[in-house]
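The values are calculated or read from the model by the stated rules, or taken from the named source; none is laboratory data. A quick note: this is a predicted structure, and the numbers were derived from the prediction, not measured. Here the Cβ positions follow ideal geometry from the backbone for every residue, glycine too, while neighbour counts run over all protein chains shown.
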Amino acid sequence: MTFLELAKARYSVRAFKKDGIEDEKLNAIIEAGRVAPTACNNQPQRIYVVKSEEKRKKLAEVCRYTFDAPMILVVAYDKDRDWKNRLVSGYSSGETDAAIVCTHMMLEAWDMGIGSCWVGYFNADEVGSALSLPKNVRVTALLPIGYAADDAKPAALHSMYRDREDTVSIL
C-alpha cells in the first residue's frame, strides 16, 4: 500500500474490541511518534499510555469520547521544551509538534491494522488533573486506540473532500 492509499484508507474508529495491543506494536506506534519532526528538534511531546481501567474511567469522566477503547494515548507537550518564535509574540510550537506526533502514531497504527480516533473535545486542564500530570504539560489530543470492532465503519463524511481549488492556491 502506498502512503497515499494508507492515508485515504485510515478512518476514525469509534468502536473497539476489548483486546489490547501487543507490546511490540505499541512500541512501534510510540516510536513513530518519537521520531516525528518537531520545531528545532526540541521534541516537547509527552505521550502517556493509559492502560489501566481506573485511569481510563477517570478519562471517561472528563471526556465522553474515549469510546471504551482498551487503551488511550494522551498526547501532550512540555511547555518548558517547546520552541518559542521570537518574531511572533506568544507563539510556541508545542501544539503543532504534538499534532504531528499524533498523526505519525495514527498512521503507524493503521498500517498495523490498529484503529484510533483523534479526540480534541475535552478540557485540557481537567484531563491533566484526572491523570495528575505536571503543570508544565499541556494535553492536546486523546487517541483512543485498539483493534476496530467488527461493526466499526467510517463516518458518513469520511470520503468527502473539498475541491482542490477550495484548499490549494498556486501563488
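Among the residues of region 64-102, write down those that are farther than 19 Å from Asn123 by Cα, assigned to a loop (DSSP other than H, G, I, E, B) and free of Cβ contacts under 8 Å to residues at least 60 places away in the same chain.
Asp80, Arg81, Asp82, Trp83, Asn85, Arg86, Leu87, Val88, Ser89, Gly90, Tyr91, Ser93
Out of (1) closer than 18 Å to Arg138 by Cα; (2) part of a helix (DSSP H, G or I), the odd one out for Arg56 is which?
Only one criterion in (1) closer than 18 Å to Arg138 by Cα; (2) part of a helix (DSSP H, G or I) is unmet by Arg56, namely (1).
In region 13-31, is there at least one residue being at pLDDT 95 or above, aromatic (Phe, Trp, Tyr), within 14 Å of Leu142 (Cβ to Cβ) and over 13 Å from the mean Cα position of the chain (by Cα)?
yes
Of the conditions (1) among the acidic types (Asp, Glu); (2) more than 24 Å from Tyr147 (Cβ to Cβ); (3) without any contact (Cβ under 8 Å) to a residue 40 or more places away in the chain, Glu24 satisfies every one except a single condition; which number is it?
The one condition Glu24 does not meet is (2).
Condition first: free of Cβ contacts under 8 Å to residues at least 60 places away in the same chain and crowded, with 17+ Cβ neighbours inside 10 Å. Now tell me which residues in region 42-59 satisfy that.
Asn42, Gln43, Pro44, Gln45, Ile47, Arg56, listed by residue number.
Within region 137-158, does at least one residue satisfy the condition of being under 12 Å from Ser12 (Cβ atoms), part of a helix (DSSP H, G or I) and modelled with pLDDT of 95 or more?
Taking every residue of region 137-158 in turn, none turns out to be under 12 Å from Ser12 (Cβ atoms), part of a helix (DSSP H, G or I) and modelled with pLDDT of 95 or more.
Being without any contact (Cβ under 8 Å) to a residue 12 or more places away in the chain and within 17 Å of Lys57 (Cα to Cα) is the filter here, so list the residues in region 130-143 that pass it.
Passing the criteria: only Ser132.
Specify the residue that is modelled with the highest pLDDT; the eligible residues are those in region 69-94 that are surrounded by fewer than 16 Cβ atoms within 10 Å (Cβ to Cβ) and touching a Lys or Arg at 6+ places or on another chain (Cβ under 8 Å).
Ranking the candidates gives Lys79 first.
Just the residues that are more than 13 Å from the chain's Cα centre (by Cα) and hydrophobic (A, V, I, L, M, F, W, C), please, taken from region 47-81.
Those that are more than 13 Å from the chain's Cα centre (by Cα) and hydrophobic (A, V, I, L, M, F, W, C): Leu59, Ala60, Val62, Cys63, Phe67, Ala69.
Would you call Glu165 surrounded by 13 or more Cβ atoms within 10 Å (Cβ to Cβ), of a type outside the set (S, T, N, Q) and out of contact with any strand residue (DSSP E or B) (no Cβ under 6 Å at 6 or more places or on another chain)?
Answer is no for this residue.
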